[in-house]
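Colleague: Can you keep this structure in mind? I'll have questions shortly.
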Amino acid sequence: MTFKNFAARFALVAACGLTTATAANAQFWQCAPYAREISGIQIRGNANTWWGQAAGRYARGETPKVGAVLSFQPTRRMRVGHVAMVSRIVSDREVLLTHANWSRRGGIERDVRAIDVSAAGDWSMVKVWYAPQGGLGTSSYPTNGFIYSDHAPLLAPNEAPVIARGSDDETRLANLSIATAAAVPMKGAVAISQ
């Protein structure tokens, strides 16, 4: 066996080992823990409890802001509600969301389109991009409104977060990045023009 063949086999074995190690770090994300990690809003429990728990702890409202968490009400198909972080504002009736466990169980989607379809324009009813359809889903979902974080989100779109070395946020982001790299099976970005 030549050195070149040995090096090629070693590289292949090392790559397989890294792939296995990455899979072991993969995490099945629920929406609430993921929203907490990326937004910094420290609420625990099912998504349907976030709106009530935020009262008196975090500002709440009907205007989207980057880093805010959109709280979905429970429905027949979504019994424990849903939460998703606003990653970008497109217009007064359209935002991009970053969230987990929506189109694919446990999967993460970044910068997916959500539009306000409420009659009053108050974000009380929304449609959200759904991967199996490749566009906005056919269902509309009732929401409570937005829970505002008291600091910038850890994961901002298209930029590296500014995290102090040795901080708890640095550790959380490192753990989140490892799990996200292993768990993201699809890209959630969609064209805005529709």
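The values are calculated or read from the model by the stated rules, or taken from the named source; none is laboratory data. None of these values were measured; they are calculated from a predicted model. Cβ placement follows ideal geometry from the backbone for every residue including glycine, while neighbour counts extend to all protein chains displayed. SASA here: full protein model, heavy atoms, side chains in, ligands and nucleic acids out. Shrake-Rupley method; radii C 1.70, N 1.55, O 1.52, S 1.80 Å.
Colleague: Out of 135, 145, report the one residue that is at pLDDT 85 or above and either open to solvent by 20 Å² or more (accessible area, probe 1.4 Å) or within 16 Å of residue 35 (Cβ to Cβ) (or both).
Modeller: Values: 135 fails: either open to solvent by 20 Å² or more (accessible area, probe 1.4 Å) or within 16 Å of residue 35 (Cβ to Cβ) (or both).
Exactly one of 135, 145 is at pLDDT 85 or above and either open to solvent by 20 Å² or more (accessible area, probe 1.4 Å) or within 16 Å of residue 35 (Cβ to Cβ) (or both), namely 145.
Colleague: Still on this structure, I have one more. Looking at residue 118 and the list (1) on the phi < 0 side of the Ramachandran plot; (2) at pLDDT below 95; (3) surrounded by fewer than 19 Cβ atoms within 10 Å (Cβ to Cβ), which single condition is not satisfied?
Modeller: Tallying (1) on the phi < 0 side of the Ramachandran plot; (2) at pLDDT below 95; (3) surrounded by fewer than 19 Cβ atoms within 10 Å (Cβ to Cβ), residue 118 fails exactly one: (2).
Colleague: Mind checking which residues of segment 5-51 are charged (D, E, K, R), open to solvent by 50 Å² or more (accessible area, probe 1.4 Å) and either closer than 19 Å to residue 109 by Cα or at pLDDT 70 or above (or both)?
Modeller: 44
Colleague: Scan segment 87-113 residue by residue and report those that are surrounded by 15 or more Cβ atoms within 10 Å (Cβ to Cβ), among the polar types (S, T, N, Q) and at negative phi.
Modeller: 87, 98, 103 - these are the residues of segment 87-113 that are surrounded by 15 or more Cβ atoms within 10 Å (Cβ to Cβ), among the polar types (S, T, N, Q) and at negative phi.
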